[in-house]
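Working notes, beginning with the structure itself.
Values in this text are rule-based calculations from the coordinates and carry no lab data. For clarity, every value in this text was computed on a predicted model and none was experimentally measured. All Cβ positions, even for glycine, are placed from backbone atoms using ideal geometry, and neighbour counts span all protein chains on display.
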Amino acid sequence: MWVVGEVIHGDYAQIVDESGMDSVTQYELWKAIWNSLNEKNFFELAWSLERHQEFVERFVPLTFVGNHDVTRIASLVADRRHALLAHALLFFVPGVPSVYYGDERGLTGVKEDRAGGDDAVRPHADRDAAEWQRNEVFALHQSLIAFRRQHAWLYDARIEVQELANETLLLEATARSGDGHAALALNLTDEPVTVRGTHVPAHGYALVV
């Protein structure tokens, strides 16, 4: 049995220690991911990843880019292309990645502060509707999940920022034991870039093993 608690604010590690739970939700990282993409400021994400690494030393957080209480990532990011980068980050950084139903198909939905304000992010799953059909976002999830399964050591990997600018970022992950190694490069600019020999498309990412 694995017990996780939904915690938004507070000392995550202390809460885990004192509660006896195995993990808690990593809202800090969730916020840093989408806000860095919107603000084109990877320095915020880099700082949050340092905090995230401190948590991983004590427990492995539940990571996510969407859940039942927040605006869907496809609606949260200003540029829809950047939602794909958010998904890539989710499956690269250490943690227990959680996919909220419908995000794997790119569903949209805005949470509102009113009665019934959660309805848009908690729709009935109509498998016959066009938005529930398999699409490029679904294919992306298939490839990212396969990548994560092939590199299960990412669960509690050590992450380092190797290159950092407002709109480009290179992360390196290494296994705690063995020789596991991988890198993720992100590019928010309008032009392709080369980061340490790796081609990264405009508004895209590259995974390197």
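Using a Förster distance of 30 Å, how high is the FRET efficiency between SER19 and ASN135, based on the Cβ-Cβ distance and rounded to 0.05?
Details: r = 39 Å, r/R0 = 1.31.
With R0 = 30 Å, the Cβ-Cβ based efficiency is 0.15.
Annotation for region 1-33 versus region 133-209: alpha-carbon center distance of 24 Å.
For THR189, what charge total do you get from the other residues with a beta carbon under 10 Å from its beta carbon, if Lys and Arg give +1 and Asp and Glu give -1? Please list the in-between numbers first.
Working: positive: LYS40; negative: GLU167, ASP190, GLU191.
Spelling it out: positives minus negatives among the neighbours equals -2.
Using DSSP to define loop residues, name the trypsin sites (Lys or Arg not before Pro) in region 97-128 whose beta-carbon has at most 10 other beta-carbon atoms within 10 Å. It would help to have the intermediate numbers written out before the result.
Details: sites: ARG105, LYS111, ARG114, ARG127; in loops: LYS111, ARG114, ARG127.
Hits after loop and neighbour filter: ARG114, ARG127.
Each other residue within a Cβ distance under 15 Å of ARG81 adds +1 if Lys or Arg and -1 if Asp or Glu, for a net charge of -3. A cut-off under 12 angstrom between Cβ atoms defines the neighbours of LEU37, and their net charge, with Lys, Arg +1 and Asp, Glu -1, is 0.
The trypsin sites (Lys or Arg not before Pro) of region 28-94 include none that meets both conditions, a loop assignment by DSSP and at most 11 other Cβ atoms within 10 Å of the site Cβ.
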